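The values are calculated or read from the model by the stated rules, or taken from the named source; none is laboratory data. Everything numeric in this text was worked out from a predicted model, so none of it was measured. Here the Cβ positions follow ideal geometry from the backbone for every residue, glycine too, while neighbour counts run over all protein chains shown. Accessible surface is based on the protein model in full, side chains and every heavy atom, while ligands, DNA and RNA are left aside. Shrake-Rupley method; radii C 1.70, N 1.55, O 1.52, S 1.80 Å.
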Amino acid sequence: MVSSTVAQAWLQQHVVPHLHAGARITCITVGNEAFKGNDTALQASLLPAMHSVHQALGALGLQGRVNVTTAHSLDIMGVSYPPSAGAFAPGAVPHLQPFLKFLSATRAPFLINCYPFFAYKDDPARVPLDYVLFQPNAGVTDPNTGLNYDNMLYAQVDAVYSAIKALGHTDVDVKVSETGWPSRGDPDEVGATPQHAGTYIGNLLRRIEMKQGTPLRPAVPIDVYVFALFNENLKPGPASERNYGLFYPDGTPVYNVGLRGYLPPMADSQGARQAVHVILLIAIATVAFALS
C-alpha cells in the first residue's frame, strides 16, 4: 500500500463500489497492532502506506469523507495507571510522534484495542470483577486528578488520552476499535463464561446508549466497536480466542444481550450462500445500529 498506484486500485475495488451502493464507510485501518511485534520492516512501512492511502482518497474525491488510521494494542502503553500518568512505551514513541502528527493533520482517530478481561484473567484476586464488568462498585480514584473511574475500560481510554497529550497533542480523538469478553476459555482463563460475557457486553451497550463519555472527557461520547460478531472456530491460541463472538457460526446467539435476531444454518448451495450473505449483512448492520 506504500505505492500510490496500488492504494488507488485497492480503493477502487474495495471502497468506491460500496460507497456508490450507499454504504457508510468512515474509516480505513491500515494494519492492526503493527507496533506490538518485532517486524521493523512492517512498522517502517505503516506511516508511508497511510499517507499513500490518504492521498489516493484525495485523488478519488473522498478526502475528508473517509479517514485513514491504524489500530493499536494496549501493549503500546508503558504506563496506564493512574490514567493521568498514562505514557507510551519508550520504544514506541519514535513511531508514534510522526503518526500522531498525521492523525492531527487529517483529523483521524487514534484506535486502541482494549480488553479488561486480560487484566482480570491475569490477577483475579486483585482486579475486582464488578470494576471490569461495569457493575456497581466504589470505583478507583485517580490521585492526580481526583476523577473516579467505575470501570477499567474508561480508565484505559483516558490513559491513552494522557499519553497522547504527553506527546503534544490534544486534538486527536481516541476510539476503541476492539473490546469484548470471551464466553469460554481454557481452565486457567478465569472469568471466561457466557454469564460474564453477556454482562460485559450488555452493560457496555447501555453505556453507549447513554452517550456517556469518560471521566476525563465527559462531553465526548465514547465510540466503541465490539469484538466480535461470530465465534472463530479455526483461530489458533487459547480457547478464549475462539469464543469472543455474539453468535455461533450457525447463527444462533451465544448469549442474550438484547440483540434480536437469528441466522439460519449455513447451506451449501450457491443461492443459499447468497441469501445467508444478505442475512449476515443485516446482522452486522443490527450490531452497528446497536452500537451507534
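Among the residues of the range 1-52, how many are touching a Phe, Trp or Tyr at 6+ places or on another chain (Cβ under 8 Å) and among the aliphatic types (A, V, I, L, M)?
Number of matching residues: 4.
Looking at this structure, is L129 closer than 23 Å to P194 by Cβ, in contact with a helix residue (DSSP H, G or I) (Cβ under 7 Å, 6 or more places away or on another chain) and not hydroxyl-bearing (S, T, Y)?
For L129, the condition - closer than 23 Å to P194 by Cβ, in contact with a helix residue (DSSP H, G or I) (Cβ under 7 Å, 6 or more places away or on another chain) and not hydroxyl-bearing (S, T, Y) - is met.
Hand me the list of strands (runs of 3 or more DSSP E) wholly inside the range 1-81 holding 2 or more residues that are open to solvent by less than 40 Å² (accessible area, probe 1.4 Å) and touching a residue at least 40 places away in the same chain (Cβ under 8 Å).
In the range 1-81, 27-32, 67-73 are the strands (runs of 3 or more DSSP E) which contain 2 or more residues that are open to solvent by less than 40 Å² (accessible area, probe 1.4 Å) and touching a residue at least 40 places away in the same chain (Cβ under 8 Å).
Filter the range 208-239 down to the residues that are of a type in the set (A, V, I, L, M, F, W, C) and not in a loop (DSSP other than H, G, I, E, B) and list them by number.
Hits for the range 208-239 are I208, V224, V226, F230, A239.
Which one of the conditions (1) under 17 Å from the mean Cα position of the chain (by Cα); (2) free of Cβ contacts under 8 Å to residues at least 24 places away in the same chain does N137 fail to meet, given that it meets all the rest?
(1)
Would you point out which residue out of G191, G168, G139 is farther than 19 Å from D223 by Cβ, in contact with a strand residue (DSSP E or B) (Cβ under 8 Å, 6 or more places away or on another chain) and modelled with pLDDT of 95 or more?
After applying the criteria, what remains is G139.
Which numbered condition trips up G202, out of (1) at pLDDT 95 or above; (2) among the small types (G, A, S); (3) out of contact with any Phe, Trp or Tyr (no Cβ under 8 Å at 6 or more places or on another chain)?
(1)
On the given criteria, is L291 within 23 Å of F110 (Cα to Cα) and either surrounded by 13 or more Cβ atoms within 10 Å (Cβ to Cβ) or at pLDDT 50 or above (or both)?
Yes.
What pairs come up if the first residue lies in the range 145-167 and is within 13 Å of F110 (Cα to Cα) and of a type in the set (V, I, T), the second is open to solvent by 50 Å² or more (accessible area, probe 1.4 Å) and in a helix (DSSP H, G or I), and their beta carbons are under 9 Å apart, counting only those six or more places apart or on different chains?
Hits for this filter: zero, empty list.
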